[in-house]
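J.: Let me begin by handing over the structure; questions about it come next.
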Amino acid sequence: MKIVVSLLLLLAACLPAVALAQVHTLQHKDIKRRYIVYVPPAYHSAPQQALPVVFNFHGGGMSMAEQMLYTQMNRAADRHGFIVVYPQGVKQDWNVGFGMDYLTGTDDVGFTQAVLDKLKHDYRIDGQRVYATGLSRGGFFALRLAAELPQQFAAVASVGATMPEPVVNHHADPHKVGVLLIHGTADQVVLYQGKAGDYLSADETWRYWARVNGITSAMPPPRLLPGMAGDDLKLSMLEQGSGQHSVALIAIDGGGHTWPGADAFNIGLPIGKTSRSLDANEVMWAFFSRHRAN
């Protein structure tokens, strides 16, 4: 997904946060890869403390800088004290098993592992509190990481993305990982109802990870989340499981293919409405903070 972002306006709005972000390079399988690391002020004010890390993967056609500026996750990092990593996909894409061969396409899983290994060497990070999120293709990829690197990622959250069918087909016995899904019911880019051969529906994805996490009870009824005056998008949340391996789905009734709480740069573009009642970054962090890697 390509989101046209007014970089100058965003830079003016978040200049202090951008100033603390650094671009790094890493050679992986003869390809020079890049990623941004944002370190919050807490990293320097508490020099003996190891901080959690959140990988934030951009959507298809986007860049790592656009993802950082669009999602504004650096502000949440400042509030809660975690490091954010924004990797760059080859040709602005991620290997999620459709649109690219699952086994012979770009080794983005290996690249992610290499970045994490480098982070452990270069920064004080808490290896039990490593998380991943992403938008669209980046969200699909975060779910692939949950299946392939569950020993590294304690929890993942996807926005506008569900479980890729190739991931399901290649991993018959994945391990327990906390999973949060945020999806608009009117998303026309990644359909809430799923797409045969490519990805499951949002509800099927919830049930898939509930089974993986050993949740055997019936799906509970969703609970309504509070809205905001002037926002006509209704929110409901379905969550089950222990705090260590929860599975949650936030459905945005009428919501489009956007990051909740972000500025609505989709105006005039066919990607739908953005919820102003939900701050995706805050909801994710509340979910992530309850999970630790085994």
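J.: Tell me which residues, restricted to region 202-214, are surrounded by fewer than 18 Cβ atoms within 10 Å (Cβ to Cβ) and touching a residue at least 12 places away in the same chain (Cβ under 8 Å).
T.: E204, R207, G214, listed by residue number.
J.: Test each condition in (1) acidic (D, E); (2) within 19 Å of the chain's Cα centre (by Cα); (3) not in a helix (DSSP H, G or I) for D231 and report the one that comes out false.
T.: Here D231 clears every test but (2).
J.: Go through S277, S217 for me and flag whichever is in a loop (DSSP other than H, G, I, E, B) and touching a residue at least 40 places away in the same chain (Cβ under 8 Å). Walk me through it before giving the result.
T.: Details: S217 fails: touching a residue at least 40 places away in the same chain (Cβ under 8 Å).
Exactly one of S277, S217 is in a loop (DSSP other than H, G, I, E, B) and touching a residue at least 40 places away in the same chain (Cβ under 8 Å), namely S277.
J.: I'd like the full set of residues that are touching a Phe, Trp or Tyr at 6+ places or on another chain (Cβ under 7 Å) and either among the hydrophobic types (A, V, I, L, M, F, W, C) or within 17 Å of A262 (Cβ to Cβ) (or both), limited to region 59-81.
T.: Correct list: M64, Q67, M68, Y70, T71, N74, A76, A77.
J.: Picking from N56, N95, which residue would you name as being open to solvent by less than 20 Å² (accessible area, probe 1.4 Å) and more than 22 Å from N281 (Cα to Cα)?
T.: N95
J.: Please go through region 24-43 and give me each residue that is hydrophobic (A, V, I, L, M, F, W, C) and assigned to a loop (DSSP other than H, G, I, E, B), ordered by number.
T.: V39 - this is the single residue of region 24-43 that is hydrophobic (A, V, I, L, M, F, W, C) and assigned to a loop (DSSP other than H, G, I, E, B).
J.: Which of the residues spanning region 44-84 are outside any strand (DSSP E or B), touching a Leu at 6+ places or on another chain (Cβ under 6 Å) and of a type in the set (A, V, I, L, M)?
T.: If the condition is that a residue be outside any strand (DSSP E or B), touching a Leu at 6+ places or on another chain (Cβ under 6 Å) and of a type in the set (A, V, I, L, M), then L69 is the only one that fits.
J.: With the checklist (1) open to solvent by 10 Å² or more (accessible area, probe 1.4 Å); (2) more than 17 Å from K29 (Cα to Cα); (3) in contact with a Lys or Arg (Cβ under 7 Å, 6 or more places away or on another chain) in hand, flag the one item Q88 doesn't pass.
T.: Unmet condition: (2).
The values are calculated or read from the model by the stated rules, or taken from the named source; none is laboratory data. From a predicted model like this one, the values you see are computed outputs, not experimental measurements. Please note: Cβ atoms are built from the backbone with ideal geometry, for glycine as well, and neighbour counts cover all protein chains shown. What goes into the accessible areas is simple: the full protein's heavy atoms, side chains included, and nothing from ligands, DNA or RNA. Shrake-Rupley method; radii C 1.70, N 1.55, O 1.52, S 1.80 Å.
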